[in-house]
Amino acid sequence: MNSSELKKALQGLNYPGIDRTIGELKLLGEIKVTEDRANIELLTISDESYLNVKRIIEENFSDTFGSLNITKKNLGTKKDMNYGNSADPNNRAPYAKNIIAVTSGKGGVGKSTVSVNIAIALAQRGYKVGLLDADVYGPNVPRLTNTDLQRIQWDDNDKIIPAENYGIKIMSVALTTPAMDTPLVWRSSVAVNALIQFLEDVAWGELDFMVIDMPPGTGDVQLTVAQELPISAAVLVTTPQIVATDDVSRAVMMFKDIGVKMAGIVENMSFFIAPDTKNRYDIFGTGGGEKIAKKYEIPFLGAIPLDMQVRESSDRGEPPVVLGDAHIKKYYQDIIDNIFKNSDFTL
Ligand SMILES: Nc1ncnc2c1ncn2[C@@H]1O[C@H](COP(=O)(O)OP(=O)(O)OP(=O)(O)O)[C@@H](O)[C@H]1O
Ligand SMILES: [Mg+2]
C-alpha cells in the first residue's frame, strides 16, 4: 500500500460513534508510507479525539504495516489554526455579526423553544435578530412564533422577505410549503440547498445575531452550518434523562472536532415545580448537565424547569419570554447573560 492508497483508505474510515468519515471531517494531515512504515499525521484538536482516531486507525491498519507512527499535528493556538472545513469556514451570512447555533444530540429536548426564547430575549435587549429554522425536516419555529399563517413573499430584488413577529425576523421551510403541516421528505442534498438559499436569498438586513435552530443530531445539515458559517457560539440543549447518553457526547465531540466554539450546555425540563404547592421536584435527579459540562470542559449555561406554562404558551405561539411570568422569563435571561460571559461577540 503506497501513501495515496493509504490516504484514501483512511479517509473512508468512520469517526468512532458518528456517521461521518475521517475524510469528511478533514482530520488527516500528511500521510507517508516508506517500505513497511506508515507515518500518519492527524489534525484533531482535542487529545480525546486524537486518541479516538488513532485507535480506529490502529484497529484497521496495524496488520498492514510493520510500524504505524500516528502523530498529532501541533495546531498552535486557536487563532492561527487553519485546518479542516470549519476552523476556517465560509461566511454565507456576512450581514450577521454573530451566529448562535442551538443544537442537541437528541430530538424533543426543547431546542426550538430555547432558540425562539433566546432570539426574542436578544431582541428585547435592543439587538437586531434573525431566527433561522434549520430543522428542515421538522420545522416548528413558525408555530412557536405565531407566524405559521404567513407565507413567503419576494421583494423587488428577488430576495425572500422573512416573516416577522415579536421583534425578530424568521425564516423556515414551513413558510414555503402550501400548508404548514405538509410533510417534508427530502433528500439531504435538497435540505442543504434550501438552507443555503435561506442564508443567501433572504432579505435579512443587517443583524447583530442570527440564531439557528438546528435539527437534532450530527448529520449533513449540522456539518453544512459549521462549514458555511462562522459560528460564534454553539449552545447544546439537553434534558436530564439523556444528559449522560452517547448522543450528547457525540454532539459535543463533533463540534469540538470540527472546531466550532461551544458556548455551553442548557439543561431543559430540568426539574418540576408543582403549580399548586410551588414545591420543587428533581424527577430525574440533579446536576447531570453540570457534570457533563465539566467532563467536556464547556460552560454550564443554566437549567430551565419543566413547566406547564412553557409548553402551553409555546404551543400557542406565545413565547414565555414575551408573555410568560417573570420567573420564567428570568431563566432565559440568565442563560443569555451566561452565553455573553462565555462568548466573544462582535457588537
Ligand atoms: N421547559 C419546558 N417545560 C415544559 N415543556 C417544554 C419545555 N421546553 C420545551 N417544552 C415542550 O416540549 C416539546 C418539545 O420542545 P421543542 O419542540 O422545543 O424541542 P426540540 O428539541 O426542538 O424538538 P425537535 O427535535 O422535535 O425539533 C414542546 O411541546 C415544548 O412545548
Ligand atoms: Mg425543534
**Study point:** Among the residues listed as Gly264, Gly285, the single one being more than 16 Å from ligand 1 (Cβ to nearest atom), surrounded by fewer than 18 Cβ atoms within 10 Å (Cβ to Cβ) and not acidic (Asp, Glu)
**Key:** Gly285
Exercise for review: Just need a number here: residues in segment 108-128 that are aliphatic (A, V, I, L, M) and either farther than 25 Å from Gly217 by Cβ or away from ligand 2 (no atom under 16 Å from the Cβ) (or both).
Suggested key: 4
Review point. So Leu131 clears everything in (1) away from ligand 2 (no atom under 13 Å from the Cβ); (2) modelled with pLDDT of 95 or more; (3) in contact with a strand residue (DSSP E or B) (Cβ under 6 Å, 6 or more places away or on another chain) except one condition, right? Which one?
Key: (1)
Check your understanding: Within segment 212-247, how many residues are within 16 Å of ligand 2 (Cβ to nearest atom) and not small (Gly, Ala, Ser)?
Key -> 16
Review point. For the subset of segment 134-168 comprising residues that are under 16 Å from Ser314 (Cα atoms) and either among the polar types (S, T, N, Q) or not assigned by TED's automatic domain parsing to the domain that holds Thr218 (or both), which member is modelled with the lowest pLDDT?
Key: Asn140
Practice item. Could you list all residues from segment 97-128 that are basic (Lys, Arg) and touching a strand residue (DSSP E or B) at 6+ places or on another chain (Cβ under 7 Å)? Key: Lys97, Lys111, Lys128
Check your understanding: Of all residues in segment 173-216, which are modelled with pLDDT of 80 or more, within 28 Å of Ser249 (Cα to Cα) and part of a loop (DSSP other than H, G, I, E, B)?
Key -> Met214, Pro215, Pro216
Check your understanding: Which one is farthest from ligand 2 (Cβ to nearest atom), of the residues in segment 136-149 that are under 20 Å from Val322 (Cα atoms) and surrounded by fewer than 19 Cβ atoms within 10 Å (Cβ to Cβ)?
Key -> Leu149
Review point. Among the residues of segment 286-299 satisfying the criterion of being in a loop (DSSP other than H, G, I, E, B) and at negative phi, which is modelled with the lowest pLDDT?
Key: Thr286
Revision key, fill the gap. If we keep only residues of segment 1-29 that are in a loop (DSSP other than H, G, I, E, B) and of a type in the set (A, V, I, L, M), then the residue nearest to Asp63 (Cα to Cα) is Met1
Check your understanding: Restricting segment 300-347 to residues that are among the aromatic types (Phe, Trp, Tyr) and outside any loop (DSSP other than H, G, I, E, B), which is surrounded by the fewest Cβ atoms within 10 Å (Cβ to Cβ)?
Key -> Phe340
Exercise for review: Give just the number: which of (1) away from ligand 1 (no atom under 16 Å from the Cβ); (2) at pLDDT 95 or above does Ser112 not satisfy?
Suggested key: (1)
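The values are calculated or read from the model by the stated rules, or taken from the named source; none is laboratory data. Note that the structure is predicted; figures quoted are calculated from it, not measured. Here the Cβ is made from the backbone with ideal geometry for all residues, glycine too, and neighbour counts use every protein chain on show.
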